[in-house]
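As structure tokens, the structure follows; a few thoughts come after it.
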Amino acid sequence: MYEWAKAFHIISMTTWFAALFYLPRLFVYHAIAQDRTSIERFKIMQLKLYHGIANPSMLATILFGLWLYSLAPMHYLGQVWFQIKLFMVALVVIYHFVCLRYMLVFRADANLKSHLYFRIFNEIPVLFLVSIVILAIVRPFQ
């Protein structure tokens, strides 16, 4: 049972992070776009990616994580690495909803941020991914 929960958790997390890597990249291109056709295309791409992949993947990641947790709650709660991982996951969820905010700003044609800003913003999920994977695999602070 544990192996299935872990496998599905990793699969959904991978899909979620793929969406979180690509969505801000679309913001970069959208911020550069000048013509109405490109601007409208980026709006559609962002909407489909966010609602069709990012949201379901986030939900699945959290549900499979809860499944894993439910298999040994006392073990996980006593681990410092797990508590830090939960904090990092909370930050990823916040980042996810910040992406929604930017998507809505772009949809309203009200973006004031440059493509350079979004290039930096696009790198943030890498920091989350690296730290979460190290916490889950290496399990420092045991």
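The values are calculated or read from the model by the stated rules, or taken from the named source; none is laboratory data. Owing to the predicted nature of the structure, the values given are computational and were not obtained by experimental measurement. Neighbour counts run over all protein chains shown; Cβ positions are idealised from the backbone, glycine included.
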Completion exercise
Counting only helices (runs of 4 or more DSSP H) entirely within segment 44-120, those with at least 2 residues that are at pLDDT 95 or above, out of contact with any strand residue (DSSP E or B) (no Cβ under 7 Å at 6 or more places or on another chain) and over 21 Å from Glu3 (Cα atoms) are 55-71, 80-107
Completion exercise
Checked segment 34-76 for anything hydroxyl-bearing (Ser, Thr, Tyr) and closer than 27 Å to Met103 by Cα; matches are Thr37, Ser38, Tyr50, Ser57, Thr61
Exercise for the section: Could you please find all residues in segment 40-59 being in contact (Cβ under 8 Å) with a residue 24 or more places away in the chain and of a type in the set (D, E, K, R)? Expected result: Lys43
Completion exercise
In the set Ile53, Ile84, the lone residue that is β-branched (Val, Ile, Thr), within 14 Å of Leu23 (Cα to Cα) and in contact with a helix residue (DSSP H, G or I) (Cβ under 7 Å, 6 or more places away or on another chain) is Ile53
Exercise for the section: Could you figure out which of (1) within 25 Å of Ile120 (Cα to Cα); (2) surrounded by 14 or more Cβ atoms within 10 Å (Cβ to Cβ) isn't true of Gln34? Expected result: (2)
Practice task
Scan segment 38-50 and give yes if some residue there is of a type in the set (Gly, Ala, Ser) and surrounded by fewer than 14 Cβ atoms within 10 Å (Cβ to Cβ), otherwise no.
Solution key: yes
Fill in the blank from the handout: By residue number, the members of segment 118-141 that are surrounded by fewer than 15 Cβ atoms within 10 Å (Cβ to Cβ) and of a type outside the set (Val, Ile, Thr) are Arg119, Glu123, Leu127, Arg139, Pro140, Phe141
Problem - Residue in segment 4-14 that is polar (S, T, N, Q), part of a helix (DSSP H, G or I) and within 18 Å of Asn122 (Cβ to Cβ) present - result: yes
Handout entry: Matching residues, segment 60-90, being under 13 Å from the mean Cα position of the chain (by Cα) and either crowded, with 16+ Cβ neighbours inside 10 Å or touching a residue at least 40 places away in the same chain (Cβ under 8 Å) (or both)
Key = Ala60, Thr61, Ile62, Met88, Val89
Fill in the blank from the handout: Within segment 13-39, residues being closer than 23 Å to Thr61 by Cα and either at pLDDT below 95 or of a type in the set (Val, Ile, Thr) (or both) number 2
Problem - One residue from Phe21, Phe17 being in contact with a Pro (Cβ under 9 Å, 6 or more places away or on another chain), surrounded by fewer than 18 Cβ atoms within 10 Å (Cβ to Cβ) and part of a helix (DSSP H, G or I) - result: Phe21
